[in-house]
């Protein structure tokens with residue numbers, strides 16, 4: 001008998017929600033075959049079978065919340081294990097298919113009256129509460145405990161949101177045309193973190209615009225050579241990351257974070273790159289960008305993008321960023337005010353490159369222009385610093401040679 | 001000719017196990033040493049005693065509350081022979097029912113004493129002394145229990161009787177002395193008291209109905225005294241002198257001291273039951289038993305020998321027919337490869353007296369001992385409209401719920417029709433219900449069950465009618 005346990009999920013991640021079991025009790029499994037999908041605050045991971053055998057027991061059903069190290073189920077070792085454990089079960093006529101039938105799920109079962117009442121009054125969705133009753137049903141005690149847990153959570157924002165968000169019932173006509181979908185853990189985390197950032201930081205945004213002509217010319221000129229040598233396309237992101245790193249070196253406050261009454265200045269440059277996926281936004285972090293070449297940065301980002309879409313990012317790749325870049329331009333955005341990725345103090349918003357008439361040396365010229373936005377935490381970053389930072393980024397992109405010369 | 005399963009014993013555990021196994025496609029046989037199927041329960045236990053209880057209760061009502069309700073029947077009288085015939089007919093139809101069910105489910109029945117010769121081999125020795133050997137994959141021991149005896153006191157089933165003899169006394173004794181104030185003693189004592197006997201109950205402990213919630217036991221004790229039963233608590237019977245026409249029973253204080261002699265026409269020994277596991281060949285095949293003769297099984301009802309299972313009174317746990325039935329079903333399902341299971345936390349217990357006692361889950365004493373914080377909700381039948389209309393408004397419903405989670409931990413009913421009402425409590429507890437869940441479930445009016453709902457409301461101190 002081998003226990004299947006929740007693996008270590010990375011720092012600051014202590015629990016996960018069972019997304020989906022790929023196997024039913026009674027199914028044969030091979031070593032390392034994916035058994036179950038876990039959703040965490042940050043990523044979705046698959047737990048592989050620790051041993052070959054037969055999945056004999058599922059201890060945590062779909063939708064249940066489990067802590068790191070908790071038992072998910074059991075694998076009966078070896079193919080013949082079922083036989084020796086229950087000799088009688090081997091009799092084929094005597095063991096109908098029922099043995100392999102998964103335990104009835106309680107998710108469709110109607111809720112107990114007390115649970116319904118508490119759910120309506122508190123706004124706590126009973127389907128998100130792990131049930132201890134028969135077949136995993138949610139009991140009144142489970143609801144009271146969940147509310148107590150929510151109230152005791154260190155983030156007051158999330159707690160009140162969970163406890164008091166009561167939606168007024170829709171008219172019956174409309175109600176049937178509504179669809180209620182449970183937020184994934186990732187979505188819940190995004191929601192909570194964004195609101196936290198808004199409630200905590202003194203956030204505001206400064207704008208500038210950048211003439212992308214030179215960067216575009218560089219790209220056109222070296223595209224094939226670059227791709228041949230580095231095996232990755234030369235994009236814009238590499239330029240922006242390198243430009244930001246230089247600007248952060250000049251304006252350290254933008255790379256800093258508040259800790260109580262202290263400010264922590266970070267002399268390393270881990271840049272988070274926001275990637276939109278079907279499941280929601282994730283922000284993988286390119287580490288030590290100051291020590292990476294532009295090609296290395298591009299390679300890392302390309303790899304992240306691919307794995308983000310497959311949901312294959314690791315937890316530690318999503319942690320420890322000091323500054324973030326988000327590109328609304330790929331969806332066509334001309335101008336936006338990004339929200340900080342707390343506890344970071346700055347986030348750069350890239351936008352769509354658009355040909356616009358620009359006055360240059362007394363003449364009107366058509367140039368490929370991009371608006372830049374920097375949202376920053378005014379508690380750490382002064383207006384002068386924020387504006388200077390953004391101007392530095394602009395200058396570095398308009399004259400990429402400055403990147404090389406460190407000007 | 002091998003079977004998938006042979007069940008030894010056809011009491012409520014054994015016959016249910018066999019039927020469930022047959023439903024699951026197992027080729028099943030049963031071995032029964034008595035002439036009729038059904039074991040103690042159907043032949044000399046639950047079924048005949050309930051026939052007597054029912055009849056004697058109606059008899060008492062006819063002579064009592066009928067007049068209060070304006071029904072005149074004159075003074076009723078009992079034709080004991082006819083009453084016992086009605087009881088016997090009831091038993092017969094039930095045991096025949098089991099025989100029919102065996103046929104219907106194609107279960108082969110062998111009459112004779114079963115003995116396990118080896119794992120997978122059962123020898124059946126018929127009344128004529130002939131033996132035959134049966135081969136089987138699995139064996140379920142469902143041999144039940146026997147009357148517990150008192151050292152030095154011989155049961156002749158005429159004047160010194162066990163529960164078996166007490167179900168067919170030739171005439172109503174003038175004086176009946178019962179040893180043991182447990183369920184069997186009080187049920188049968190009530191029967192014969194209603195039929196006219198003068199009943200004295202001698203109990204070793206200082207309270208009646210051990211294991212029942214203390215408050216229930218105390219109040220019920222007073223009710224029985226009012227009905228005319230005499231109790232001698234903290235006392236023991238040390239000898240019964242059967243030499244004369246009248247039995248002379250020696251009763252001593254449990255703690256020791258001067259003995260007294262009580263006279264009785266009949267003595268009923270009702271000090272409990274002991275597992276019946278002798279003569280089954282268990283020692284020979286190495287099946288382990290505990291120090292009280294009960295077969296030791298794991299949570300899957302398996303003994304230490306592969307392919308041999310045991311259920312019911314032959315194993316540990318409350319000696320109740322419905323517990324045996326559930327274990328029978330679980331054992332059959334486990335043998336068929338399913339996940340059979342018995343929830344021992346939710347096994348109802350009923351005392352079929354008048355009024356009845358029914359309980360499920362923990363008693364208040366058990367909760368105190370476990371150090372659990374709990375809330376109590378109580379509602380008396382004197383405040384229940386239906387009970388008052390029935391002129392049966394004694395007793396109460398008591399619900400014990402976890403102080404924090406409100407989960408129902410125990411329900412105790414002393415009152416009319418408690419046997420029926422306990423089912424709702426058992427279902428609630430099986431599903432982990434809170435007292436609020438019971439309180440928020442609509443109960444029909446006017447019914448006795450409203451008392452259950454009100455008791456649930458009383459847990460939160462919001463009973464409406466009290």
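The table that follows gives values for the structure above.
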{"read-out": "Unique match (being in contact (Cβ under 8 Å) with a residue 12 or more places away in the chain, out of contact with any helix residue (DSSP H, G or I) (no Cβ under 7 Å at 6 or more places or on another chain) and closer than 16 Å to residue B:272 by Cβ) among B:248, B:236", "value": "B:236"}
{"read-out": "All positions within segment B:333-345 that are facing chain A (nearest Cβ under 10 Å) and touching a residue at least 40 places away in the same chain (Cβ under 8 Å)", "value": "B:333, B:335, B:336, B:338, B:343"}
{"read-out": "Matching option when the condition is surrounded by fewer than 23 Cβ atoms within 10 Å (Cβ to Cβ), touching a residue at least 12 places away in the same chain (Cβ under 8 Å) and closer than 23 Å to residue A:140 by Cα, among B:430, B:419", "value": "B:430"}
{"read-out": "Total residues in segment A:119-137, condition within 9 Å of another protein chain (Cβ to nearest Cβ) and either at pLDDT 85 or above or part of a loop (DSSP other than H, G, I, E, B) (or both)", "value": "4"}
{"read-out": "Any hit, segment B:156-170, residues being more than 23 Å from the chain's Cα centre (by Cα), in a strand (DSSP E or B) and more than 30 Å from residue B:332 (Cβ to Cβ)", "value": "no"}
{"read-out": "In segment B:433-454, residue surrounded by the most Cβ atoms within 10 Å (Cβ to Cβ) [restricted to those that are touching a strand residue (DSSP E or B) at 6+ places or on another chain (Cβ under 8 Å) and under 15 Å from residue B:394 (Cα atoms)]", "value": "B:451"}
{"read-out": "Which numbered condition residue A:227 misses (of (1) crowded, with 17+ Cβ neighbours inside 10 Å; (2) farther than 30 Å from residue A:16 by Cβ)", "value": "(1)"}
{"read-out": "Hits in segment A:44-60 - residues which are closer than 15 Å to residue A:25 by Cα, buried (at least 19 other Cβ atoms within 10 Å of the Cβ) and within 30 Å of the chain's Cα centre (by Cα)", "value": "A:49, A:58, A:60"}
{"read-out": "Selection count, segment B:237-291, where residues are closer than 24 Å to residue B:160 by Cα and in contact with a strand residue (DSSP E or B) (Cβ under 7 Å, 6 or more places away or on another chain)", "value": "32"}
{"read-out": "Residues of segment A:145-154 satisfying the condition of being part of a helix (DSSP H, G or I) and surrounded by fewer than 21 Cβ atoms within 10 Å (Cβ to Cβ)", "value": "A:145, A:147, A:148, A:149, A:150, A:151, A:152"}
{"read-out": "Any chance residue A:79 is modelled with pLDDT under 80, more than 14 Å from residue A:6 (Cα to Cα) and either crowded, with 17+ Cβ neighbours inside 10 Å or within 14 Å of another protein chain (Cβ to nearest Cβ) (or both)", "value": "no"}
{"read-out": "Search result, residues across segment A:333-375 that are under 15 Å from residue A:256 (Cβ atoms) and either free of Cβ contacts under 8 Å to residues at least 40 places away in the same chain or over 21 Å from the mean Cα position of the chain (by Cα) (or both)", "value": "A:347, A:374"}
{"read-out": "Selection status of residue A:276, part of a loop (DSSP other than H, G, I, E, B) and within 17 Å of the chain's Cα centre (by Cα)", "value": "no"}
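A quick yes/no check of all residues on (1) touching a helix residue (DSSP H, G or I) at 6+ places or on another chain (Cβ under 9 Å); (2) away from every other protein chain (no Cβ under 14 Å); (3) under 30 Å from residue B:69 (Cα atoms):
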{"position": "B:402", "(1), (2), (3)": "yes, no, no"}
{"position": "B:409", "(1), (2), (3)": "yes, no, no"}
{"position": "B:414", "(1), (2), (3)": "yes, yes, yes"}
{"position": "B:420", "(1), (2), (3)": "no, yes, yes"}
{"position": "B:434", "(1), (2), (3)": "yes, no, no"}
{"position": "B:457", "(1), (2), (3)": "yes, no, no"}
{"position": "B:460", "(1), (2), (3)": "yes, no, no"}
{"position": "B:464", "(1), (2), (3)": "yes, yes, yes"}
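The values are calculated or read from the model by the stated rules, or taken from the named source; none is laboratory data. Owing to the predicted nature of the structure, the values given are computational and were not obtained by experimental measurement. Glycine gets a Cβ as well: all are built from the backbone with ideal geometry, and neighbour counts include every protein chain shown.
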